[in-house]
Amino acid sequence: MAPRVRIAPSPTGPLHIGTARTALFNYLFARRQAGTFVLRLEDTDVARSTVAFEADILEQLHWLGIAWDEGPDAAGGDDRGPYAPYRQMQRREHYDEAARGLLERDQAYPCYCTPEELEADRKAQEAAHEPPRYVGRCANLTPEEREAREAESRRGAIRFRVPAGRIAWDDLVRGDVEIDTANIGGDFVIVRSDGTPLYHFVVVVDDAAMEMSHIIRGEDHISNTPKHILLFRALGHEVPAFAHLPLILNPDRTKMSKRKSQTAIADYRAQGFIEEAVVNYLALLGWSTGTEEEILSLDELAGRFDLEHVQKGGAVFDRERLEWLNGQWIRRLEAEDLIERLQPFLEADRDAGRIDRVPTPEELRPLFPIIQERLPTLGAIGDLAGFLWVDDVSVDPATLVPKRWDRDTTLAALRAARETIVESIGPVTFEADELEPPLRALAEERGWKAGDLFMAIRVAVTGRTATPPLFDSLVALGRERTLARLDAAIATLEGLEDAA
């Protein structure tokens, strides 16, 4: 039978890097095995779940190119697939029926313990240096004792009976795993006293009902797996295969969290990381191709992915590596594609006042070679070339004067450079290969280091110390704007002289 796998995010926050990686691995596994990939929303946390978070999860998965075969089509919309609905809050009758069956078979029982009683048990265990576990107070109540508690208006939660023994499974990533049921905290609650079913219960009921063959998820779920295996067996269902993926770690090797790292996919998208690079990078977070190849499209990944090459140890998230990979993918874009993708970032720079106008596609096309080779992210376009689309450049005099020069040398150099440009390069053929030789000759004639002269010109015309190649930048500015900005920088330095 073709495999069936799923991703089951909770809409209690934006799509997390870790959830996106798990979704990707499930998607790649399904595509490689000609199986089915299901999206299911675990929205039982009513207080924290929102339609906005649901919309973000669906939108970012779509952006990444991770398409599901069954599940919600849109936030708050209809579901598609033979096991609909795919939102847990719409599946309550399934959980109620499963819970009744467990109660009837005495595999579960009502628990009337008060919060105060449970807290007292916890403190006693803590004082005795024992791990927390349910003491079994309600495990063997007689029908009369249960009636007495209900007469006191106590509403019972439902606890699952945990049998003694060891639970073992062959994890597709970690190999043989075995956990003693004595270490899972005793009989555990599967339905709250208000009737709300809990995660461990609903996830198993749904996985069984939707005939999941493989459960591929993060290693933080390993401790939950014995509970889930027990529930699968108690409900009379075949136990699926399990594969637990390595955690994504911060650079300091702590578990990745929003306190230390940027974790929302939407934030990376907003900064100009492109979907091809993010998918490529996520695939390599805990999995290897087995070759030296690193730059792979989603289709190429789907053709190669296997669980055998998933690593056991944690996968360290390296933002610099992601930026490098993003740059590699930007280099692969066609000119028109890159120009189109840059538009929203240029508009954002204009709206924020970082540039005065958005360049037209016609203006961007000649810049394509020098921009494409230097962009780490789409959002860096303003920092890289924004000087081209501002009316006036703000020049810091301290930056304008090279480290080895003083104000007077810089002033003389800028005046001489302006004169050289006017006399040596005509207004019609203002090209990079015409600009560089006479300016290098000027530096040699005056005994200046060419790098100092070029840095002074760069800062004068762009306001920055780092830009695309100087002469390409001058050509992009054009002769008149180059001369005008040199004049403005000269006036700035002359103003310092007058002030002195």
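No value in this document is a laboratory result; all are computed from the given coordinates. Please read these numbers as outputs of a predicted model, since none were measured by experiment. When we count neighbours, we look across all protein chains shown, and the Cβ atoms used for this are built from the backbone with ideal geometry, even at glycine.
Pull up all non-local amide H partners of Phe430: gap of 5 or more, or a different chain, and H-to-H distance under 5 Å with H placed in the peptide plane.
Excluding prolines and chain starts, which carry no amide H, there are no hits.
Find out how many positive minus negative residues lie around Leu470, taking Lys and Arg as positive, Asp and Glu as negative, among other residues whose Cβ is under 10 Å from that of Leu470.
That sum, taken over residues with Cβ under 10 Å, equals -1.
Which one of Thr254, Asn280, Ile295 has its Cα pushed farthest toward the positive end of the charge dipole of the stretch 244-307, where Lys and Arg give +1 and Asp and Glu give -1 at the Cβ?
Thr254
Could you check what % of the DSSP bridge pairs in the chain are antiparallel, to the nearest 5?
Bridges in the chain are about 60 percent antiparallel.
What number, rounded to the nearest 500 deg cm²/dmol, is the helix-based mean residue ellipticity at 222 nm of the chain, given -39500 (n - 2.57) per DSSP H run of at least four residues and division by all its residues?
After summing the helix terms and dividing by residue count, I get -14000 deg cm²/dmol.
Taking 25 Å as R0, compute the FRET efficiency from the Cβ-Cβ separation of Ala266 and His221 and round it to 0.05.
0.55
Dipole of the stretch 39-167, Cα-centred, from +1 at each Lys and Arg C-beta and -1 at each Asp and Glu C-beta, to the nearest 20 debye?
Dipole size: approximately 500 debye.
Where the convex hull is taken over the Cα atoms of the chain, what is its projected area averaged over directions, in nm²?
The number I arrive at for the chain is 32.9 nm².
Would you kindly state how much longer the chain becomes between Ala488 and Glu434 on full extension, computed as 0.36 nm times their sequence separation minus their alpha carbon distance, in nm to one decimal?
17.1 nm
Please list the non-local residues whose amide H lies under 5 Å from the amide H of Arg4, H modeled 1.01 Å from N, same-chain partners needing a gap of 5 or more.
Thr36, Ser213, His214
Ignoring solvent entirely, what values of log10 I(q)/I(0) come out of the Debye formula for the stretch 3-112 at 0.15 Å⁻¹ when each Cα is a single scatterer?
-0.69
Please work out the C-alpha center-to-center distance from the stretch 257-330 to the stretch 426-500 and express it in whole Å.
Cα centroid to Cα centroid, the span is 41 Å.
Among Thr114, Gly77, Thr482, flag the residue with its Cα farthest along the positive direction of the charge dipole of the chain, charges on Cβ as +1 for Lys/Arg and -1 for Asp/Glu.
Checking the options against the dipole of the chain, the answer is Thr114.
Taking H placed 1.01 Å from N in the peptide plane, check which residues at least 5 places from Leu245 or on another chain put their amide H under 5 Å from its amide H.
Result for Leu245 returns Arg217, Gly218, Glu219.
Can you compute the equivalent ellipsoid semi-axes for the stretch 162-244, i.e. the square root of 5 times each eigenvalue of the Cα gyration tensor, sorted largest first and rounded to whole Å?
After diagonalising the Cα gyration tensor, the semi-axes are 20, 16, 11 Å.
With 5 Å bins from zero, work out the P(r) of the stretch 362-500 over every alpha carbon pair and list the percent per bin.
The distribution over the stretch 362-500 is 2, 10, 21, 23, 21, 14, 7, 3, 1, 0, given as percents.
Could you give the nm distance between label points at Glu300 and Asp408, where each point is 7 Å from its Cα heading toward the beta carbon?
6.0 nm
I want to check the label-to-label distance for Glu480 and Leu103. Put each point 7 Å from Cα in the C-beta direction and report it in nm to one decimal.
That separation, rounded to one decimal, is 8.4 nm.
Please report, in debye to the nearest 20, how large the charge dipole of the stretch 376-500 is about its Cα centre when each Lys and Arg carries +1 at its beta carbon and each Asp and Glu carries -1 there.
300 debye
Return the FRET efficiency for the residue pair Ser193, Glu347: r is the Cβ-Cβ distance, R0 is 60 Å, and the value is rounded to the nearest 0.05.
0.70
Which of Ala380, Thr429, Thr181 sits farthest toward the positive end of the charge dipole of the chain, with +1 on the Cβ of Lys and Arg and -1 on the Cβ of Asp and Glu?
So the residue we want is Thr181.
Out of the DSSP beta bridges found with both residues in the stretch 109-251, what percent are antiparallel (nearest 5)?
About 70 percent, rounded to the nearest 5.
What shape does the stretch 381-434 have by the C-alpha gyration tensor, where a ≥ b ≥ c are the square roots of the eigenvalues, rounded means a/c under 1.5, and otherwise prolate means a/b greater than b/c and oblate the rest?
Note, shape of the stretch 381-434 comes out oblate.
Could you give the angle, 0 to 90 degrees to the nearest 10, between helix 51-64's Cα long axis and the longest principal axis of the Cα atoms of the chain?
60 degrees
Tabulate in residue order the Karplus-calculated ³J(HN,Hα) for the stretch 291-305, using 6.51 cos²θ - 1.76 cosθ + 1.60 with θ = phi - 60°, rounded to whole Hz; enter x for Gly and Pro.
Whole-Hz 3J(HN,Hα) from phi for the stretch 291-305: 10, 7, 5, 10, 9, 9, 6, 4, 5, 5, 5, 5, x, 10, 4.
Sort by residue number and name the cysteines in the chain that have no neighbouring cysteine Cβ under 4.7 Å.
If one checks each Cβ against the other cysteines of the chain, Cys113 turn up with nothing under 4.7 Å.
Rounded to two decimals, what is Rg over Rh for the stretch 233-306 when you use alpha-carbon atoms and the Kirkwood radius?
My calculation of the ratio gives 1.08.
Limiting things to C-alpha atoms, what are the Rg and the maximum Cα-Cα separation (Dmax) for the stretch 116-172, in angstroms?
Answer for the stretch 116-172, Rg first and Dmax second: 15.7, 50 Å.
Express the relative contact order of the stretch 218-366 as a whole percentage, based on alpha carbon pairs under 8 Å and six or more residues apart in sequence.
23 percent
Pop out the ³J(HN,Hα) list for the stretch 263-274 in order, Karplus 6.51 cos²θ - 1.76 cosθ + 1.60 with θ = phi - 60°, rounded to Hz; leave Gly and Pro as x.
10, 7, 4, 4, 5, 5, 4, 5, 7, x, 6, 9
Where q = 0.16 Å⁻¹, what log10 of I(q)/I(0) comes from the Debye formula for the stretch 268-400, counting one point per Cα?
Log10 of I(q)/I(0), two decimals: -0.85.
If I model a spin label at Asp391 and Thr50 as a point 7 Å from the Cα along the Cα→Cβ vector, what separation in nanometres do I get?
3.9 nm
About the Cα centre of the chain, how large is the charge dipole given +1 on each Lys and Arg Cβ and -1 on each Asp and Glu Cβ? Please answer in debye to the nearest 20.
1200 debye
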